[in-house]
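Read the structure below first, then the notes.
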Amino acid sequence: MNNNTVVVLGGAGLIGSLISRILKQYGYCVRVVDRHPAEFECEYHEIDVTQPFSNTGNVFRDAIGVVFALPENVAVNSIPWVTTYLSTEVVFIPTCSVQGPFYKALKAAAPLQQFVGINPMFSPKLSVQGRTVAVCVENVEAAQSFIERHLLDAGMKIRRMTPTAHDELMALCQTLPHAVILGFGMALTKSSMDLDLVAEIMPPPMRTMMALLSRILVNPPEVYWDIQLENDQASFQRKALVNGLERLQENINEQDYERFKNDLQTVSKILGKRLNTGAVDCQHLFSLLN
């Protein structure tokens, strides 16, 4: 291909490296911009995108797309710098966990700029085969972009949605479970129990929660901070979680087993046919924790 250059801002990070490797696999010239080099061979430019110096236009030379593999606020703040050097035909590809703020800022700065947001629904440390990527576009009926095509070629599945729909969905699928896990971790710090003893006897549900908590703790905290802070829908989900715990506490305080049982039945009805498949998934997961 003639015009095959893609600039990856934050290309030395986990998400940036994942996207860069995929693009290199399909013959693209990947130009990484970061404060330190990537762990794979590519054209590298050492630039702090929070403080870009003048005369950096050569970084974007011949680019057909720019990937913003950056924290949400850094990605948004870099928009004025990047748009200075590019035409509206260049595709802006944010990988933000929350897409709405970037999309709004981009349309305010460059209303005609091409936009395709991507958010992998899995850790970049895992195999990509069969994994789902949420893709944000203005028009879900529009022609497929080059980045979508190569995500599919690499073995992933894509699900298109608008930035607004994406953030509402992520509040439920990311903000809520992460809040549960973080709350569990904070409760754990209040316990005086010997964790060596806990590790020796803990049943599968506790072991699963410990694994989920550990997974969060070994990753950069800004990832989970952005998920909680930047999503307009996040506070609603956290409030719903608090209300659920308060409801449970009331049931116990009032020794109201019937209401407790009815609450569980209500949740079961909402799950519907997913109840049995979820139970099977849990059994499979627990069997791996022997």
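The values are calculated or read from the model by the stated rules, or taken from the named source; none is laboratory data. Treat the numbers as computed from the prediction; the structure is a model and nothing was measured. Counting neighbours? That spans all protein chains shown, and the Cβs are built from the backbone with ideal geometry, glycine included.
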- Query: What is the one condition in (1) in a loop (DSSP other than H, G, I, E, B); (2) under 17 Å from the mean Cα position of the chain (by Cα); (3) among the small types (Gly, Ala, Ser) that residue 134 does not satisfy?
  - Reply: (1)
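For segment 178-187, check the following and say yes or no: at least one residue is free of Cβ contacts under 8 Å to residues at least 60 places away in the same chain, within 19 Å of residue 96 (Cβ to Cβ) and out of contact with any helix residue (DSSP H, G or I) (no Cβ under 9 Å at 6 or more places or on another chain).
No, segment 178-187 contains no residue that is free of Cβ contacts under 8 Å to residues at least 60 places away in the same chain, within 19 Å of residue 96 (Cβ to Cβ) and out of contact with any helix residue (DSSP H, G or I) (no Cβ under 9 Å at 6 or more places or on another chain).
Does residue 79 fit the bill of being touching a helix residue (DSSP H, G or I) at 6+ places or on another chain (Cβ under 7 Å) and surrounded by 17 or more Cβ atoms within 10 Å (Cβ to Cβ)?
In short, yes.
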- Task: Tell me which residues, restricted to segment 124-142, are without any contact (Cβ under 8 Å) to a residue 40 or more places away in the chain, surrounded by fewer than 20 Cβ atoms within 10 Å (Cβ to Cβ) and within 24 Å of residue 177 (Cα to Cα).
- Result: 126, 127, 129, 130, 131, 132
- Task: Out of 95, 132, 88, 84, report the one residue that is touching a Lys or Arg at 6+ places or on another chain (Cβ under 7 Å) and among the hydroxyl-bearing types (Ser, Thr, Tyr).
- Result: 132
- Any idea which residue in segment 219-276 is surrounded by the fewest Cβ atoms within 10 Å (Cβ to Cβ), counting only those that are acidic (Asp, Glu) and farther than 26 Å from residue 164 by Cα? 258
- With respect to residue 281, determine if the residue is among the charged types (D, E, K, R) and not in a helix (DSSP H, G or I). no
- For residues in segment 136-168 being in contact with a Phe, Trp or Tyr (Cβ under 7 Å, 6 or more places away or on another chain) and charged (D, E, K, R), which is nearest to residue 92 (Cα to Cα)? 138
- Please enumerate the residues belonging to segment 225-258 that are among the aromatic types (Phe, Trp, Tyr) and closer than 14 Å to residue 174 by Cβ. 225, 236
- State whether one or more residues within segment 128-135 are closer than 26 Å to residue 84 by Cα and either assigned by TED's automatic domain parsing to the domain that holds residue 26 or polar (S, T, N, Q) (or both). yes
